[in-house]
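S.K.: To start, I am sharing the structure in question, which I have written as structure tokens.
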Amino acid sequence: MDYLISLFIFIGSYLIGSLSFARIFLFFKKSNKKIEDLEINIKNSEDNSKNVFGAGAGSASMILGTKYGIIISILDILKALVPIFLILHFYFPNEYYHLIFSLGVLIGHNWPIYFRFKGGRGISVIFGGFLAIDLFGAGVTTILGLLFGMIVVGDPLLGYSGWLWLMVPWLFLRTFDWVFLVYSILVLLIFLIATIPEIRAFLIHKKENNLKQYNEEKMNSSAQWRSIQKIQDFIDKLGFFKYPAKLIVLIIIVYIFYLFSKFNS
């Protein structure tokens, strides 16, 4: 790879990623609220540094409604998917420039230069990049991550982001290329760094024995989370049968990854 081209692509992708569709929609809808107003106050804490918010589709949907939240999420997906697809399949099909763009657009989304480096968490952007790189893998890991998080572990939050963790072994088994392994690990680390405020809030609530209320507030924060909670409530009602379901899902996940590794070896 040419280092000058790599630098140009990274800077360009960062600037594209810094475009905040959540803020753009709030501006044109003339909302009297800002993303920063959506701070989730932690009970029994007066430290403002412990407040949590993210300037993304999820936050915008709390102000503008579910419809606009979905539109913003799709636009965030497309700002990663379209350029990465073009770079990968038309401009530099035999290089790793699309991975550089994917990292740059994610960093820009999470720490946008236009908005004092206060951005989102990058779930939609990561998913858009994953779709461009491996459409089949993005679909399979989304389903498997949802099943693993909600049935095997019983955690809606993990069900929501489970595909992100499965992306790491999936891309490596797909390519057996260490570059893709490093790329997927970096994506995961960038996501985790961006979610440090949420992780800190989780730990504080856990320490204060207030975790149940925190989770309830999270699940009620948007229509998306409420839908996930309904699925989890249904699974919880299975009673004893959820235990064999856990085993079956775990076996299916392991078997699919085993078959995939054999197929690509």
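The values are calculated or read from the model by the stated rules, or taken from the named source; none is laboratory data. Computed from a predicted model, the values in this text were never measured in an experiment. Positions of Cβ are backbone-derived with ideal geometry, glycine not excepted, and every protein chain shown enters the neighbour counts.
S.K.: Out of curiosity, is I143 among the aliphatic types (A, V, I, L, M) and at pLDDT below 85?
M.R.: Values: among the aliphatic types (A, V, I, L, M): yes; at pLDDT below 85: no.
No.
S.K.: Quick one: count up the residues across region 203-217 that are modelled with pLDDT of 75 or more and not in a loop (DSSP other than H, G, I, E, B).
M.R.: Residues flagged as modelled with pLDDT of 75 or more and not in a loop (DSSP other than H, G, I, E, B) within region 203-217 amount to 3.
S.K.: Within region 68-81, is there a residue that is polar (S, T, N, Q), modelled with pLDDT of 75 or more and more than 26 Å from L4 (Cα to Cα)?
M.R.: Checked region 68-81: at least one residue is polar (S, T, N, Q), modelled with pLDDT of 75 or more and more than 26 Å from L4 (Cα to Cα).
S.K.: Among the residues of region 226-256, how many are among the basic types (K, R) and touching a residue at least 12 places away in the same chain (Cβ under 8 Å)?
M.R.: 2
S.K.: Sticking with this one: Would you say H89 is over 21 Å from A22 (Cβ atoms) and without any contact (Cβ under 8 Å) to a residue 24 or more places away in the chain? It would help to see each step written out before you state the result.
M.R.: Numbers: over 21 Å from A22 (Cβ atoms): yes; without any contact (Cβ under 8 Å) to a residue 24 or more places away in the chain: yes.
Judged against the criteria, H89 is a match.
S.K.: Which residues, taken from region 7-28, are surrounded by fewer than 22 Cβ atoms within 10 Å (Cβ to Cβ), of a type outside the set (A, V, I, L, M) and not in a helix (DSSP H, G or I)?
M.R.: S18, the sole residue that qualifies.
S.K.: Tell me, which residue of region 108-122 that is part of a helix (DSSP H, G or I) and surrounded by 24 or more Cβ atoms within 10 Å (Cβ to Cβ) is farthest from the chain's Cα centre (by Cα)?
M.R.: Across region 108-122, the extreme among qualifying residues is G108.
Results for (1) loosely packed, with under 13 Cβ neighbours inside 10 Å; (2) among the hydrophobic types (A, V, I, L, M, F, W, C); (3) modelled with pLDDT of 85 or more, shown as yes or no for each residue.
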{"residue": "M219", "(1), (2), (3)": "no, yes, no"}
{"residue": "W225", "(1), (2), (3)": "no, yes, no"}
{"residue": "K230", "(1), (2), (3)": "yes, no, no"}
{"residue": "F234", "(1), (2), (3)": "yes, yes, no"}
{"residue": "K237", "(1), (2), (3)": "yes, no, no"}
{"residue": "A245", "(1), (2), (3)": "no, yes, yes"}
{"residue": "F257", "(1), (2), (3)": "no, yes, yes"}
{"residue": "F260", "(1), (2), (3)": "no, yes, no"}
